[in-house]
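What follows is a set of notes on a single structure, which appears directly below.
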Amino acid sequence: MPYDIDFLKQHIDYTLIGFGVSEEEMASFCKQAIKYNVRTIYVPPVYVEPVVFFVKEYKIAVGTVAGFPLGALPIDFKETEIEFAATAGASWIDVCLNLCPVRSQRLKKVINEVKRLKKAAERNGIGLKLIIETPYLDETQIRQVSKIISNAGIEFLKTATGFGNKVSTDEVRIIKPILAETKTKLKVAGGIKTLKQAKEFFQLGADLIGSSNGFAILEQAKKTE
């Protein structure tokens with residue numbers, strides 16, 4: 001498959017989520033999204049409503065995050081964040097799963113959280129991607145969580161936040177076969193900065209890439225065409 005610019009516009013979630021993003025930085029980011037005519041951008045929750053208004057006529061979907069970046073919050077809090085995001089106009093929300101019960105092998109708690117987050121997303125009419133932070137899990141834990149998420153029929157499993165971590169090809173190789181026979185798709189994120197990296201993860205089966213370097217990746221692709 002040719003991973004050209006048109007493909008990358010549709011299959012990268014272009015992201016600007018960080019500490020203290022200024023209004024000027026957000027405006028510049030949105031203008032880049034419009035310039036490149038990308039499909040989806042991700043912004044902090046506080047920026048969702050104005051950004052949705054800013055890009056609405058260009059049919060760019062806006063996503064945001066919840067329980068971010070640690071995931072160690074009560075489920076009630078995450079449900080409230082999901083409702084807030086949907087009310088503000090977000091089309092997608094990436095929610096950090098609580099890893100405490102995962103690493104403690106309290107898998108019933110993990111199943112309960114996944115089910116409640118799915119119901120909250122469906123109730124509010126917003127797409128859901130669950131972040132499992134693969135760099136902090138061992139192979140058994142990655143397999144366990146991937147099966148729980150795919151069995152629940154979640155739309156997307158997302159590998160990592162990229163906050164202090166970096167996804168590996170080995171982690172993707174563990175996940176993809178588990179999702180292969182299910183409806184759950186794979187969003188690979190966490191330290192993806194180059195076109196070469198993006199292509200590698202797409203070749204391994206990523207359905208989407210998440211990156212704060214998305215526009216730079218597009219520029220790299222332009223130079224190869």
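Where a number appears in this text, it was derived from the coordinates with a stated rule and is not lab data. Since the model is a prediction, treat every value here as computed from it, not as a measurement. Note: ideal-geometry Cβ built from the backbone for every residue, glycine included; neighbour counts use all protein chains shown.
Checking every one of the GluC sites (Glu not before Pro) in the range 131-216 against DSSP loop status and a limit of 13 other Cβ atoms within 10 Å picks out Glu181. DSSP beta bridges fully contained in the range 31-184 are about 0 percent antiparallel.
For Lys59, no aspartates and glutamates have a Cα closer than 12 Å to its Cα, not counting residues fewer than 8 places off in the same chain. Across the chain, Cα pairs under 8 Å and at least six residues apart give a relative contact order of 18 percent.
Computed over neighbours whose Cβ is under 11 Å from that of Pro101, the net charge equals +3, Lys and Arg +1, Asp and Glu -1. In terms of packing, defined here as the mean over residues of other Cβ atoms within 10 angstrom, the peptides 182-194, 49-61 line up highest first as 182-194, 49-61. In terms of distances greater than 26 angstrom between alpha carbons, the cross-link table entries Lys176/Lys199; Lys35/Lys78; Lys35/Lys199; Lys119/Lys147; Lys158/Lys183 yield Lys35/Lys78. Once Rg and the Kirkwood radius are both taken over the C-alpha atoms of the range 5-224, their ratio Rg/Rh works out to 0.95.
For Thr182, the amide hydrogen comes within under 5 Å of no other amide hydrogen, counting only partners 5 or more places away or on other chains and with H modelled in the peptide plane.
Count Lys and Arg as plus one, Asp and Glu as minus one, and take only other residues whose Cβ is under 12 Å from that of Ile60; the net charge is then +4. On full extension, the segment bounded by Lys223 and Gln32 gains 67.0 nm, given 0.36 nm per residue less the C-alpha separation. Between Phe77 and Gln105, the C-beta separation translates, for a Förster distance of 25 Å, into a calculated FRET efficiency of about 0.60.
Charged side chains reduced to their Cβ positions (Lys and Arg at +1, Asp and Glu at -1) give the chain a dipole of some 580 debye around its Cα centre.
Positive end of the dipole of the chain (Cβ unit charges, origin at the Cα centre): among Gln144, Gly214, Leu97, the Cα lying farthest that way belongs to Gln144. With the dipole of the chain worked out from charges on the C-beta (+1 for Lys and Arg, -1 for Asp and Glu) around the Cα centre, which of Ile41, Phe19, Phe202 lies farthest toward the positive end? Highest projection toward the positive end goes to Phe202.
Counted by Cβ distance under 10 Å from Asn124, the other residues give a net charge of -1, where Lys and Arg count +1 and Asp and Glu count -1.
Amide hydrogen proximity for Gly127: with H placed 1.01 Å from N in the peptide plane, the residues at 5 or more positions away or on another chain lying under 5 Å are Trp92, Ile93.
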